[in-house]
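Have a look at the structure below before the remarks.
The values are calculated or read from the model by the stated rules, or taken from the named source; none is laboratory data. Remember, predicted model here, so these are calculated numbers, not experimental data. Cβ atoms come from the backbone with ideal geometry, glycine included; neighbour counts cover every protein chain shown.
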Amino acid sequence: MDGTVNLEKFIPRSRRAFGLGIAVALGILAATILSGLLFVRGLVREQIARRDAEALHATTLMEQLDDANPEGLEIRTDEQIGFDAAVRASRLKGVLGIRFYNPDGVFTDAFPATILPLPLGRRTLESVRALKPYSRFVPDTPLSAVFIYLPQFASGRIAHVPTLLVTVPLHRRNAETFAGAAQFIVEGASIADEYARLDRRLIQIAASTFAVAGILLVAMLWPAFRRLEKLNIDLARRGERLQRANEELALAARTSAVGAISAHLMHGLKNPLASLSQFISRGGQGHNESEEEDWQDALTASRRMQSLVEQTLEVLGDARGEPTYELTVKELDDDVQSRVAAAAARRKVTLVVEAEGRCTLSSRIANLASLVLVNLLENAIEATPSGGTVALSVAREGERLRFRVRDEGAGFPDELREHLFLPCKSTREGGSGIGLAISKLIADHLDARLELAESSAHGCMWLLDLPLSVCQES
């Protein structure tokens, strides 16, 4: 029914929600590791380039060490001494050439003379003016950006090589007078290889860190998620049971209120219905066959209504504590059969009743059980096609008295199984949709169990299971 809580509405798509949460967590973890990797990679690369810059700076200073006379009298200017020292340092392996700059950062000379003159950058000039070397690695440098001319340029094929530009300040050792700058152009294949090894090593570390941290993250989150999922399911089930209980209490309250009105209404209808039956029975005489058949149907309907009124009055009388009587199980089944015989005949359905067990029931128990069985049989007759069979059987099994109602219908709809005993919109013509709900309340009142024991394309089997304590041996 519309007001029934669907458990799935309370339970999230657990696996998908967990997968999404893990994906987000792993994404954050991967981003954190990647940012850390790039930071460390930049620092180490800077240290590698600075290492070579410091080495060239130290070499240049050492070449200047003996370029003054022992008395400390300068033979040449600082710029000349630095120029000669840089040229001697250029003999180191891998140095392609040198550019020289004056203290203002203006290009003055090159060695060899085929080196392409280029201006000195602002950051580079600031560093060497502070007497600190500055280095910059260029992974893909065309030789045309290093040399003015090489023989291979005539073919139009210009090679690209990695280079390391190391700019060192020119000054005397242990002096702070800036005399200019020398920019060494170093072939950087070894540094490129070192960078590649560094990248491979960092990727391995990042991958292993991500794998271990990811496994630990999933291992920590999975138990917490399972516990949360279980709590959600328990909460949803309790909420559904609470709503069902509220609906049953509301139905019980409505039923209780209707009981008082029903008692007054039944007493008021009893005598008019009896008079109506007598009038119809007299009025149907002397008419033709077709009219007599219509009068007979009206008489049957009025007597059925009279029977229902009398039965309701019996139940109400039992509830008020009026004197009761006893019925055997066989008498109860015969009474139920007589009440549904007309409906079975109208639907052309065969009704089979089998009773076993020597047991008697008080009129109160029998009348309440009869209400449940009549409702089940009427539903079974409506569900069974013409020519089919509906069976009612009762037997004592252990400490229970079991009534079974079988039909040969198409089975109970799967979509209604979850809300079996809750009020709903009836699919039967003239049905109220509360028959099974009221039957379940009556069964609970009797401490009995009412359930749909079987349902298939070949029919249903309903079970009304009474405790043997309601019976007396006959």
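So, of the residues in the stretch 14-32 that are exposed (fewer than 11 other Cβ atoms within 10 Å of the Cβ) and of a type outside the set (A, V, I, L, M, F, W, C), which turns out to be modelled with the highest pLDDT?
Out of the qualifying residues, it is Gly27.
Could you list, in sequence order, all residues of the stretch 126-146 that are touching a helix residue (DSSP H, G or I) at 6+ places or on another chain (Cβ under 8 Å) and either farther than 21 Å from Gln47 by Cα or part of a strand (DSSP E or B) (or both)?
Tyr134, Ser135, Arg136, Phe137, Pro139, Leu143, Ser144
Any idea which residue in the stretch 344-359 is surrounded by the most Cβ atoms within 10 Å (Cβ to Cβ), counting only those that are in contact with an Asp or Glu (Cβ under 9 Å, 6 or more places away or on another chain) and modelled with pLDDT of 85 or more?
Ranking the qualifying residues of the stretch 344-359, first place goes to Val349.
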